[in-house]
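Student: Input: one structure, supplied below.
The values are calculated or read from the model by the stated rules, or taken from the named source; none is laboratory data. A quick note: this is a predicted structure, and the numbers were derived from the prediction, not measured. Cβ placement follows ideal geometry from the backbone for every residue including glycine, while neighbour counts extend to all protein chains displayed.
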Amino acid sequence: MPVYNEQACIESVVLEWYNELIKSNIPFVFCVINDGSKDNTLKILQDLTVKLPLLKIVDKLNSGHGQTCIYGYKLAVDNNADWVFQIDSDGQCDPKFFEVFLNKTNQNEKTNYFGNRTTRDDGFKRILISKFVTLFTLFATKILVKDANVPYRLMNADDLQKIIHLIPEDFYLANICLSVHLKKVNDIVWIPIHFNDRRAGVPSVKTFSFVKHGFKLFRQLREAIN
């Protein structure tokens with residue numbers, strides 16, 4: 001879970017996901033990566049570790065959401081994880097869908113499972129951004145990834161290890177690049193999910209900022225995927 005300036009909701013989000021993981025009765029480490037928050041987020045997280053023994057906090061300099069995800073994936077792979085599950089810290093990722101993802105791994109299907117945001121509460125502009133991502137990704141790479149930037153993904157660590165080094169350190173929206181590489185090495189199974197509205201704070205990707213950087217995304221995808 002990457003986090004940046006989410007002091008208003010981070011405690012409730014971490015607690016609900018921690019409880020879901022405990023209920024699932026699986027071995028896990030819940031790693032929250034603080035991406036250089038400037039508010040009280042880090043202090044809240046550090047206090048939570050006192051009562052949540054399987055919660056690990058990593059504090060790092062700010063590098064943006066996408067590269068913080070990549071940092072976390074590398075950390076998981078380096079520590080011999082079998083599966084890597086990523087969600088965001090703003091309350092949009094509902095734990096009630098996690099059981100569906102978990103059941104897939106129990107079927108011994110060594111593939112990758114992504115949420116497909118078929119319904120969502122965060123507004124038309126966010127839906128539009130996701131549609132643009134799909135189109136930009138398809139045109140740039142000739143690979144269809146339904147919801148390439150979704151922050152609800154369960155990935156096979158063996159697949160991640162094959163492609164994690166291929167993500168440029170300066171890649172804008174790095175999870176999109178990673179999704180395309182994953183699709184090239186193995187399948188992605190899409191699981192319908194509902195996406196909640198943010199509980200607090202502001203999105204890391206602004207609507208107008210995305211439009212402005214859309215062509216940069218297109219160029220970077222063309223260069224990174226071959």
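Student: Would you confirm whether any residue within the range 56-63 is closer than 24 Å to residue 25 by Cβ and either in a strand (DSSP E or B) or free of Cβ contacts under 8 Å to residues at least 60 places away in the same chain (or both)?
Tutor: Checked the range 56-63: at least one residue is closer than 24 Å to residue 25 by Cβ and either in a strand (DSSP E or B) or free of Cβ contacts under 8 Å to residues at least 60 places away in the same chain (or both).
Student: Pick from the range 205-224 the residues that are aliphatic (A, V, I, L, M) and in contact with a Leu (Cβ under 9 Å, 6 or more places away or on another chain): which of them is modelled with the highest pLDDT?
Tutor: 224
Student: Looking only at the range 169-204, which residues are modelled with pLDDT under 85, among the aliphatic types (A, V, I, L, M) and touching a Gly at 6+ places or on another chain (Cβ under 9 Å)?
Tutor: The one that is modelled with pLDDT under 85, among the aliphatic types (A, V, I, L, M) and touching a Gly at 6+ places or on another chain (Cβ under 9 Å): 200.
Student: Using beta carbons and a limit of 7 Å, which pairs, at least six apart or on different chains, have the first residue in the range 1-26 and surrounded by 18 or more Cβ atoms within 10 Å (Cβ to Cβ) and the second one assigned to a helix (DSSP H, G or I) and small (Gly, Ala, Ser)?
Tutor: Note: pairs meeting the criteria are 2/72.
Student: For residues that are among the charged types (D, E, K, R) and surrounded by 14 or more Cβ atoms within 10 Å (Cβ to Cβ), tally how many sit in the range 88-109.
Tutor: 4
Student: Between 121, 158, 187, 170, which is over 16 Å from the mean Cα position of the chain (by Cα), farther than 23 Å from residue 224 by Cα and exposed (fewer than 15 other Cβ atoms within 10 Å of the Cβ)?
Tutor: Of 121, 158, 187, 170, the one residue that is over 16 Å from the mean Cα position of the chain (by Cα), farther than 23 Å from residue 224 by Cα and exposed (fewer than 15 other Cβ atoms within 10 Å of the Cβ) is 121.
Student: Sticking with this one: Among the residues of the range 27-60 satisfying the criterion of being among the β-branched types (Val, Ile, Thr) and more than 20 Å from the chain's Cα centre (by Cα), which is surrounded by the fewest Cβ atoms within 10 Å (Cβ to Cβ)?
Tutor: If we take residues in the range 27-60 being among the β-branched types (Val, Ile, Thr) and more than 20 Å from the chain's Cα centre (by Cα), then 50 is surrounded by the fewest Cβ atoms within 10 Å (Cβ to Cβ).
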